[in-house]
Amino acid sequence: MDNGFWDNLPDPFYGLAPMEDVTDVAFRQMFARYGRYEEGDQMRGPDVMWTEFTSADGLVKGGWKRLKHQLKYQENERPIVAQLFSAHPGRMRQAAAICYQLGFDGVDINMCCPSETVVGNDCGSALIKTPKLAQKLIKAAREGAGGLPVSVKTRTGFDEHRIKTWISTLLETHIAALSLHARTRKQMSKVPADWSTVEQTREIRDQMNKDTLIIGNGDVESLTEAKNRAGETGVEGIMVGRGAFGNPWFFNLDITRAKLPKKKRLSVMVEHAKTFDELLPDQHFAIMRKHFKAYTKGLPHANDLRNNLMQTADSAEVKEVVMNYLHGLK
């Protein structure tokens, strides 16, 4: 079975997780620009990136104008995977076709999101309770995706771990990759990720003799930890989410954020804000504010700096705050 770009990734590979109102095109641009480095004849860094999750229903029912920013990407982000969510196979099929037309490298189905709104619409992690529907959605996505590889991101269960039955159900569909967030829906992110479930998932894959790539996700705070997790569990890939906040250099072995001068760290934060203004002009700048805490963590007088940044309305104001801050340190 042809799994597209998934067949050409390094082993292990590292990916930037899909996060709502976080992994937009401006955020991913920072990792495409600063997170990559040369390793032999390969360019490493985030080896694969996902969009933030997007409503297939919204796309199909005429919400393109409202949702198009979620599917905006730049060529330097490849391979780039569009993540969709829905409980309706027909709409999933149509939305996957839109992603194919937009030139994405793959389509991913969100069976992971724990939010009440998403679960209340039988989407996200609610699909763990309806395995037959989950299989129909995968089939529909494959039919619409024009040959693009289809993957899934999910959790270990809804109220309790259901590794054997749930993972087997997904693997029966011959998906290209399976990302496992190592917690149940009930656990949200309130307990440490249970990486033994990631290893169990890989073991089930091996027992079923499938070629689906297994990707572990949960609480990874450094590239060294990612490499260790891959070695311990035997999975092909590691997905990093919150651990990469404010750190576009997370995947770059040549650069460590803690060793960068304050001016460099803050200049990239300003660049991030400017990129947001340029690529997402119709989105409210308040979205950027959640990144300021992460970028400024550990800096002198970080609280004052952060408070001033929270009052900004565009990248020009962010630049002014940073210049005043750096001047005050002299």
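Rule-based calculations on the coordinates, nothing more; no lab input. Quantities reported herein were computed from a predicted structural model and do not represent experimental measurements. Glycine gets a Cβ as well: all are built from the backbone with ideal geometry, and neighbour counts include every protein chain shown.
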### Query
When the helix-only estimate is applied to the chain (DSSP H runs of n ≥ 4, each -39,500 (n - 2.57), divided by the residue count), what is the mean residue ellipticity at 222 nm, nearest 500 deg cm²/dmol?
-11500 deg cm²/dmol
#### Entry: Cβ-defined net charge surrounding Trp195, 14 Å radius [Lys, Arg +1; Asp, Glu -1]
-2
### Message
If you average the C-alpha positions of the range 172-238 and of the range 14-41 separately, how far apart do those two centres end up, in angstrom?
### Response
20 Å
## Note on the structure
Put in order of increasing Cβ neighbours within 10 Å, starting from the fewest, Ile163, Ile255 give Ile255, Ile163
## Note on the structure
Relative contact order of the chain (C-alpha contacts under 8 Å, at least 6 apart) in percent is 16 percent
### Message
Please compute the contact order of the range 112-170 in relative form: average sequence separation of alpha-carbon pairs under 8 Å and at least six residues apart, divided by the residue count, as a percent.
### Response
33 percent
### Query
Among Ile175, Ile98, which comes first, second and so on when ranked by fewest other beta-carbon atoms within 10 Å?
Ile98, Ile175
### Message
Checking the table Lys65/Lys164; Lys259/Lys319; Lys72/Lys139; Lys186/Lys227; Lys190/Lys293 against a 30 Å threshold on Cα-Cα, which pairs fail?
### Response
Lys65/Lys164
### Message
Quick check: net charge around Asn308, other residues with Cβ under 11 Å of its Cβ, Lys/Arg +1 and Asp/Glu -1?
### Response
-2
### Query
How much net charge surrounds His181 when only other residues with a Cβ under 12 Å from its Cβ are counted (Lys, Arg +1; Asp, Glu -1)?
+3
### Task
Neighbouring Cβ atoms within 10 Å as the yardstick, rank Leu180, Leu223 fewest first.
Leu223, Leu180
### Query
Which far-off residues, 5 or more places away or on another chain, put their amide H under 5 Å from the one on Thr130, with H placed in the peptide plane?
none
### Message
To make sure I understand the rule: partners must be lysines, Cα under 18 Å from the Cα of Lys136, and not fewer than 8 residues away in the same chain. Which ones qualify?
### Response
Lys153
